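The values are calculated or read from the model by the stated rules, or taken from the named source; none is laboratory data. Bear in mind the structure is a predicted one, so any value in this text is a computation, not a measurement. A quick note on method: Cβ atoms are made from the backbone with ideal geometry, for glycine too, and the neighbour counts reach across all protein chains shown. Note: accessible area is taken over every heavy atom of the protein model, side chains too, but ligands, DNA and RNA are not part of it. Shrake-Rupley method; radii C 1.70, N 1.55, O 1.52, S 1.80 Å.
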Amino acid sequence: MATLPVRGGPLEDDVKTAYTAWDEAFEKGDAKAVATFYNEDALLLPPSHEVIEGPAGVEKFFSGIFGRGATDHKLEMIKADGDGKLIYAAAKWSAKGKDAQGKDQPWSGVSTHVFERQSDGSLKIKLHTFN
């Protein structure tokens with residue numbers, strides 16, 4: 001099971017490393033790979049107002065996103081803080097997708113993540129919401 005890798009240093013460095021790994025998984029267009037970055041009890045709260053639970057729900061959600069032609073996802077950290085065990089972060093995100101007619105369309109917004117540090121030092125997402 002994949003986790004978001006971290007490296008030593010401030011929490012901001014850990015989150016930046018986690019964001020890079022998540023973006024790399026997204027770029028592969030593999031919803032199962034993206035879902036492995038989420039805790040079993042994770043919640044994903046997209047702008048559709050759905051409440052998506054756990055890796056299986058995350059996988060299903062991102063399968064739909066990839067089906068709409070999403071590529072080139074990028075997370076840019078705004079701020080990260082926490083106690084080392086639970087870390088919260090805010091980021092700007094951008095991606096490329098398709099509109100209802102199948103034409104290229106830029107997507108962007110802001111997101112919030114709550115990470116939980118695992119026993120091996122890696123991070124997994126516990127809460128993810130975006131607009």
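Below is a table of values for the structure above.
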item: Quotient of Cα Rg and 2.2 N^0.38 Å for the chain, N being how many residues it contains; result: 1.00
item: Rounded if a/c under 1.5, otherwise prolate or oblate - segment 73-131, Cα gyration tensor axes; result: prolate
item: Potential extension, Glu76-Ser63 segment - 0.36 nm per residue separation minus Cα distance; result: 2.4 nm
item: Greater than 18 Å apart at Cα, pairs in Lys74/Lys103; Lys85/Lys124; Lys32/Lys92; Lys96/Lys126; result: Lys74/Lys103; Lys32/Lys92; Lys96/Lys126
item: Solvent-accessible ranking of Arg68, Arg117, largest area first, probe 1.4 Å; result: Arg68, Arg117
item: Interchain or long-range residues, amide H under 5 Å from Leu123's placed H; result: Leu4, Val6, Gln118
item: In order through segment 66-81: 3J(HN,Hα) via Karplus (6.51 cos²θ - 1.76 cosθ + 1.60), integer Hz, x for Gly, Pro; result: 5, x, 8, x, 5, 8, 6, 6, 9, 9, 10, 4, 9, 7, 9, 7
item: Cβ crowding within 10 Å averaged over residues, with 97-104, 22-29, 43-50, 74-81 ranked highest first; result: 22-29, 74-81, 43-50, 97-104
